[in-house]
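What follows is a single structure, written as structure tokens, with notes after it.
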Amino acid sequence: MKASVKKLAGLRRYHAERPIKTRLKLLEALDRMESGQTVVVGSEFKWSKTTLAREAGVNINTVVRKRSSGEWAFPEINSRFEELRNKRRQVVTLCDTREEKLAELRNEVEKLREHNRLLALEINRIGQQILAERERAERMAVYERQNTSLREEISRIQDGGRDSLRVVTRHEG
């Protein structure tokens, strides 16, 4: 009989300490989940009570169990969990907004790069036209100098030929 009394006392002590140990496990798991340094579920976990139970190493019913009065078995765990989940949702929403803004800015940068590329091509095309027009202008200047030179030559020939030519009439024969 003494042995069963000892066993019964031991079981009572175990069951009296169990909620305290479970609470500690849940709090530690919440801390790890909050910091993102989980041990069991990995770093890319879904924020749920099932994940909390797995990370703490307890049954899911421990986390979601309610007493006969209708309150949670671990109200401070549940309230902290909800607080952290809502905080995370706000961060995710802010991150989504931030990601949208980044994506929008990246698109704008890409559009500007394309616009700059098109402008560079246009500048290149205009530069080639300018070079072609300069070459044409230089050719025209060369032609003009040749033309001037030819006119002077023609003028000299015409002026020099008058002096050396004599007008011959029919009578002189």
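What follows is calculated from the coordinates using simple rules that are stated; it is not laboratory data. Quick caveat: nothing in here was measured; it's all calculated off a predicted structure. A quick note on method: Cβ atoms are made from the backbone with ideal geometry, for glycine too, and the neighbour counts reach across all protein chains shown.
Listed by chain and number, the lysines whose C-alpha is less than 18 Å from the C-alpha of residue 101, apart from same-chain residues fewer than 8 away, are 111.
Take peptides 115-124, 19-28, 38-47 and line them up by average Cβ neighbours within 10 Å, highest first, as a rough protection proxy. Don't jump to the answer; show the numbers that get you there.
Values: 115-124: 10.0, 19-28: 14.8, 38-47: 11.8.
Sorting 115-124, 19-28, 38-47 by mean packing, highest first, produces 19-28, 38-47, 115-124.
Per the Debye formula on identical point scatterers at the alpha carbon atoms of the stretch 1-115, with no solvent, log10 I(q)/I(0) at q = 0.12, 0.23 Å⁻¹ is -0.61, -1.22.
Computed from Cα atoms, the angle from the helix 75-164 axis to the main principal axis of the chain rounds to 10 degrees. Taking every lysine pair in the stretch 1-73 that is 8 or more places apart or spans two chains, those with Cα atoms closer than 29 Å amount to 13. Among 144, 114, 99, the residue with the largest mean-square fluctuation in a Gaussian network model of the chain, with springs joining Cα atoms closer than 10 Å, is 144.
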